[in-house]
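The values are calculated or read from the model by the stated rules, or taken from the named source; none is laboratory data. What you see is a predicted model, and the numbers here were worked out from it, not measured in a lab. Cβ placement follows ideal geometry from the backbone for every residue including glycine, while neighbour counts extend to all protein chains displayed. Keep in mind that these areas ignore ligands, DNA and RNA; they rest on the heavy atoms of the full protein, side chains included. Shrake-Rupley method; radii C 1.70, N 1.55, O 1.52, S 1.80 Å.
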Amino acid sequence: MKIVKTIKEVRAQVAEWRKQGLTVGLVPTMGYLHEGHASLIERSVKENDRTVVSDFVNPMQFGPTEDLQTYPRDLQHDAMLVEQYGGDIIFNPEPEEMYKDGFSSFVDMTVLTQELCGLSRPVHFRGVCTVVTKLFNIVKPDNAYFGKKDAQQLAVIKHMVEDLNMDIKITGCPIVRESDGLAKSSRNTYLSEKERQAALVLSRSIDLGKNMVKNGEKDCAAVIKAMTDLINSEPLARIDYVKIVDEKTMQQIPALDRPALCAIAVYIGTTRLIDNFFTEDI
């Protein structure tokens, strides 16, 4: 396993693999890797001959008041994890390598980005679509792997690949959780001990919603109200959204009469956490 910093190096290595007839998987990340990322790397290693892991905190997807400067970084730890799980390359560019002076080309999307995280993070998905498109153009993978915890991001990327005729298979991988149910996230490190306990209200509300749907509840408003009431019972929690949307369009629906996503975003103190479930996975 090796770490490369430039686009030229990645392209040269992938070109060499292609000459050998090898398939290539890509796992895009912002680093500070954990078991959730490890599951993506494992899947890629299983399904491809070679795996590239991008490790890049993308400034374009952060708003002016968000945590770009404080976002956790630990390349040494990341390298150990990627090597442990069989990855071949970490692509760890500087922002100046990805966005040259005068950079002014962007990939954007409507409809799918206008709900959920798109409401409170208006620049986020333009940044995601732009950097992922760049990574796809740089690595030219056969397959790319994303976590289902970022469910809206996964839907956006799948739609972008279809719209722009990108010859890449996108695979969504299940949420990986701590032993007490909290979804793995690099931002969990922001939480104090008290906040860490309070954050369990997210997974408890997800379990509540799942059980209601499993037991036959079809009214989205009823599920949302029950989950909202539970989250509001935690004094340290502040809801950004609790919504149920069509799995493909990300638009709100009144009844569970189609494949749907139930997604939540909740501030625990100043830390914004997300969680979700797909009705088809119940």
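Mind telling me which of T29, T271, T70 comes out most flexible in a GNM of the chain, alpha-carbon contacts under 10 Å?
T70
First compute the accessible area of segment 50-100 with a 1.4 Å probe, then give the percent of it belonging to carbon and sulfur atoms. Intermediate results must be reported in sequence, preceding the final value.
Numbers: 1220 of 2470 Å².
Carbon and sulfur together cover 49 percent of it.
If you take the charge dipole of the chain about its Cα centre, with +1 on Lys and Arg Cβ and -1 on Asp and Glu Cβ, which of Q69, Q153, I244 is farthest toward its positive end?
Q153
Using Cα atoms only, what is the angle between the long axis of helix 75-84 and the major principal axis of the chain, expressed in degrees (0 to 90) to the nearest 10?
The answer is roughly 90 degrees.
On a 0 to 90° scale, report how tilted helix 220-232 is relative to the longest principal axis of the chain, with both axes built from alpha carbons and the result rounded to the nearest 10.
So the helix axis and the longest Cα principal axis differ by about 90 degrees.
If I model a spin label at I3 and H77 as a point 7 Å from the Cα along the Cα→Cβ vector, what separation in nanometres do I get?
Roughly 1.4 nm, to one decimal.
Answer with one residue from A226, Q197, S105: the one whose Cα lies farthest towards the positive end of the charge dipole of the chain, charges on Cβ with Lys, Arg +1 and Asp, Glu -1.
S105
Using Cα centres only, tell me the gap between segment 1-69 and segment 102-131 in whole Å.
Distance between centres, Cα-based: 21 Å.
Would you kindly derive the ³J(HN,Hα) couplings of segment 93-101 from the backbone phi angles with the Karplus curve 6.51 cos²θ - 1.76 cosθ + 1.60 (θ = phi - 60°), listing them in order in whole Hz, with x for Gly and Pro?
Using θ = phi - 60°, the values come out as x, 7, x, 5, 6, 7, 10, 5, 3 Hz.
In whole percent, how big is the carbon plus sulfur part of the accessible area of segment 183-282, probe 1.4 Å, protein atoms only? Numbers along the way, then the final one.
Values: 2320 of 4730 Å².
Carbon and sulfur together cover 49 percent of it.
How large is ³J(HN,Hα) for each residue in segment 113-130, as worked out from phi by the Karplus curve 6.51 cos²θ - 1.76 cosθ + 1.60 (θ = phi - 60°), to whole Hz, x for Gly and Pro?
For segment 113-130, the Karplus curve yields 9, 9, 10, 6, 5, x, 6, 8, 10, x, 9, 4, 6, 4, x, 5, 4, 5 Hz.
Relative to the longest principal Cα axis of the chain, at what angle does helix 35-47 sit, 0 to 90 degrees, rounded to 10?
For 35-47 against the chain, the angle is about 50 degrees.
Of the chymotrypsin sites (Phe, Trp or Tyr not before Pro) in segment 56-131, which ones lie in a loop per DSSP and count no more than 16 other C-beta atoms within 10 Å?
Numbers: sites: F56, F62, Y85, F91, Y99, F103, F106, F125; in loops: F56, F62, Y85, Y99, F103, F106.
When the chymotrypsin sites (Phe, Trp or Tyr not before Pro) of segment 56-131 are filtered for loop state and at most 16 Cβ neighbours within 10 Å, F103, F106 remain.
Indicate the gyration tensor shape class of segment 1-65 (rounded, prolate or oblate), computed on the Cα atoms with a ≥ b ≥ c the square roots of the eigenvalues: a/c under 1.5 is rounded; otherwise a/b larger than b/c is prolate and the rest oblate. Don't skip to the answer; put the middle values down first.
Working: a/c = 2.74, a/b = 1.45, b/c = 1.89.
Here segment 1-65 falls in the oblate category.
Structure shown: which of K5/K134; K8/K184; K140/K248; K148/K184 lie over 23 Å apart, alpha-carbon to alpha-carbon? Provide the component values of the computation, followed by the final result.
Numbers: K5/K134 15 Å; K8/K184 33 Å; K140/K248 25 Å; K148/K184 11 Å.
Going by Cα-Cα distance, K8/K184; K140/K248 fall outside the 23 Å limit.
Could you give the C-alpha radius of gyration of segment 80-148 expressed as a fraction of 2.2 N^0.38 Å, taking N as the number of residues it contains? Each step should come with its number before you reach the end.
On the way: Rg = 14.7 Å, N = 69, 2.2 N^0.38 = 11.0 Å.
Dividing the Cα Rg of segment 80-148 by 2.2 N^0.38 Å gives 1.34.
Express the accessible area of the chain per residue in Å², computed with a 1.4 Å probe while the remaining protein chains stay in the model. Could you put the intermediate results ahead of the total?
Details: 13440 Å² over 282 residues.
In whole numbers, the chain has 48 Å² accessible per residue.
Can you bin every Cα-Cα distance in segment 19-110 into 5 Å intervals starting at zero and give me the percent of pairs per bin, rounded to whole numbers?
Taking every Cα pair in segment 19-110, the percentages come to 3, 12, 21, 19, 17, 15, 9, 3, 1, 0.
Whole-Hz Karplus ³J(HN,Hα) for segment 173-185, in order, using 6.51 cos²θ - 1.76 cosθ + 1.60 and θ = phi - 60°, x for Gly and Pro?
Working through the residues one at a time gives 10, x, 5, 9, 10, 5, 4, 8, x, 5, 5, 4, 7 Hz.
In segment 264-282, whose amide N lies under 17 Å from the spot 7 Å out along Cα-to-Cβ of R238? List them in ranges.
265-274
Considering only K218, K19, K148, give the residue with the highest GNM mean-square fluctuation for the chain, with springs between Cα atoms whenever their separation is below 10 Å.
Evaluated over the chain, the most mobile residue of the options is K19.
Check S54: other-chain or 5+ apart residues with amide H under 5 Å from its amide H, H built from backbone geometry?
Long-range HN contacts for S54: V27, T29, F91.
Tell me, Kirkwood radius of segment 135-232 from alpha-carbon pair distances, in Å? Provide the component values of the computation, followed by the final result.
Details: mean 1/r = 0.0622 Å⁻¹.
After inverting the pairwise mean of 1/r, the radius is 16.1 Å.
Run the dipole for segment 203-277 about the Cα centre, Lys and Arg Cβ at +1, Asp and Glu Cβ at -1, nothing else charged, and hand back the magnitude in debye, nearest 20.
Numbers: 10 positive and 10 negative charges, 13 e Å.
Approximately 60 debye in magnitude.
Go ahead and set up a Gaussian network model of the chain, Cα springs under 10 Å, then flag whichever of A155, A199, A222 fluctuates most.
Of A155, A199, A222, the most mobile in the Gaussian network model is A222.
What distance in nm separates the two pseudo spin-label positions at F103 and N137, each 7 Å out from Cα along the beta-carbon direction?
Taking the two extended label points, one gets 1.1 nm.
Compute log10 of I(q)/I(0) for the chain with the Debye formula, placing one identical point scatterer on every Cα and leaving out solvent, at q = 0.14 Å⁻¹, to two decimals.
Log-scaled intensity ratios, in q order: -1.05.
Which value, in debye to the nearest 20, describes the size of the charge dipole of the chain about its Cα centre when Lys and Arg Cβ atoms bear +1, Asp and Glu Cβ atoms bear -1, and nothing else is charged? Could you put the intermediate results ahead of the total?
Working: 34 positive and 40 negative charges, 41 e Å.
With only Lys, Arg, Asp and Glu charged at Cβ, the dipole is about 200 debye.
How big is the Cα convex hull of segment 53-171 in projection, averaged over all directions, in nm²?
On the way: hull surface 32.3 nm².
If I average the Cα hull's projected area over directions, I get 8.1 nm².
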